[in-house]
Amino acid sequence: MVGHMEYRNEKARQRYDAVVAVAPEVVVGLDFDGTLSPIVDDPRQALIHPEAPETLGALAAEVQAVVVITGRPARQVVELGHLEQLADSLPDGARLSVMGQYGHERWDSSSREFSSPEPPPGLQAFRDELPALLAAQDASDALVEEKGLAVAVHTRGLPHAKQTFLRLEDTLEEAADRHGLTLEPGRLVLEVRAPGMHKGLAVRAAIEEHHGRGVVFVGDDLGDLEAFEAVRSLRIGGLPALLVCSSSDEQEALAGLADVVVPGPSGVVELLTTFIADVAAAH
Ligand SMILES: [Mg+2]
């Protein structure tokens, strides 16, 4: 077994061993930004960690399914993650998929097709109002990211990124409410999107669809909290489950809930590599 991994306690080590034991039937859910790719100033440049695609391929060969569960559009993650190329090299039967925009959008390595619902009603009206909302909070220079089913406002890169984020949070939440939308805060990003879907529902759907008999979930940010909660409640119901936090100075919320805390995407790759080796040794 692994020597250098930081478990929170003995229980966490037992949870790790329990998912290794059922690994061929485990669904591994992974967030993208801050988990598989380092956070960068321009979200369009958030390329996957260089060793992650190969690691995900090796992982997919050992477990039931690997599912990237992200707030990003599925298409972006497939591009930033080089997942088309990875799909070409997957062994027969290995399953890799993406649940984009918190589960609204889908892509998988066998069909290679994208599916996406219509944008939520109210999003266009919110979009039209946004420039005035930003101007009123002295945040006209914030990067506005168009996501199709959502709009994200990034304050990273602004002179007073955190203060601007806090000023905008109330304003955008109020506007989202008025338009029947929901606000999702993240690491210096505020996203406005359709209500009714979150990563907790997505991870449950992934487990159900793949008939998972165990789960590993890895995340770094507030948008992953619902997935952590869902996995914790499935574990109470008897499902072997491991929660991993990709840690950062910017967000501490998940670390206390995780069984294993690793230092960012390079730590995630290292953990998965160890997991793959332990699974290969055990099966
Ligand atoms: Mg993230």
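The values are calculated or read from the model by the stated rules, or taken from the named source; none is laboratory data. Note that the coordinates shown come from a computational prediction; the quantities given were computed from them, not determined experimentally. In this analysis, Cβ positions are derived from the backbone assuming ideal geometry, glycine residues included, and neighbour counts consider all displayed protein chains.
For this structure, a couple of remarks:
- Unmet requirement for V215, which otherwise passes all of (1) surrounded by fewer than 22 Cβ atoms within 10 Å (Cβ to Cβ); (2) assigned to a strand (DSSP E or B): (1)
- Residue match in the range 233-248 (condition: more than 22 Å from P120 (Cβ to Cβ), at pLDDT below 95 and in the same structural domain as P24 (by TED's automatic domain parsing)): yes
- For the range 202-223, taking the residues that are within 16 Å of the ligand (Cβ to nearest atom) and out of contact with any helix residue (DSSP H, G or I) (no Cβ under 9 Å at 6 or more places or on another chain), the one that is farthest from R95 (Cα to Cα) is identified as L222.
- Of all residues in the range 20-37, exactly one satisfies the criterion of being within 16 Å of the ligand (Cβ to nearest atom) and either surrounded by fewer than 17 Cβ atoms within 10 Å (Cβ to Cβ) or on the phi > 0 side of the Ramachandran plot (or both), namely G34.
- Considered as a group, the residues in the range 46-58 that are away from the ligand (no atom under 15 Å from the Cβ) and either within 17 Å of the chain's Cα centre (by Cα) or within 24 Å of A253 (Cα to Cα) (or both) include one that is surrounded by the fewest Cβ atoms within 10 Å (Cβ to Cβ), and that residue is P53.
- Tally, over the range 93-118, of residues that are touching a residue at least 60 places away in the same chain (Cβ under 8 Å) and within 20 Å of G196 (Cα to Cα): 5
- Of the criteria (1) surrounded by fewer than 21 Cβ atoms within 10 Å (Cβ to Cβ); (2) under 17 Å from the mean Cα position of the chain (by Cα), which one S97 fails: (1)
- Any chance R72 is away from the ligand (no atom under 16 Å from the Cβ), part of a loop (DSSP other than H, G, I, E, B) and touching a residue at least 24 places away in the same chain (Cβ under 8 Å): no
- Top-ranked residue of the range 224-283 - restricted to ones that are of a type in the set (S, T, N, Q) and part of a helix (DSSP H, G or I), ranked as nearest to the ligand (Cβ to nearest atom): S266
- Apart from one condition, P120 fits all of (1) touching a helix residue (DSSP H, G or I) at 6+ places or on another chain (Cβ under 7 Å); (2) closer than 30 Å to V67 by Cα; (3) surrounded by 17 or more Cβ atoms within 10 Å (Cβ to Cβ); the exception is (1).
- Given (1) in contact (Cβ under 8 Å) with a residue 40 or more places away in the chain; (2) touching a strand residue (DSSP E or B) at 6+ places or on another chain (Cβ under 6 Å); (3) surrounded by fewer than 23 Cβ atoms within 10 Å (Cβ to Cβ); (4) of a type in the set (A, V, I, L, M, F, W, C), index of the condition L80 fails: (2)
- Sole exception among (1) away from the ligand (no atom under 15 Å from the Cβ); (2) out of contact with any strand residue (DSSP E or B) (no Cβ under 8 Å at 6 or more places or on another chain); (3) at pLDDT 95 or above; (4) under 18 Å from M99 (Cβ atoms) for T171, by number: (4)
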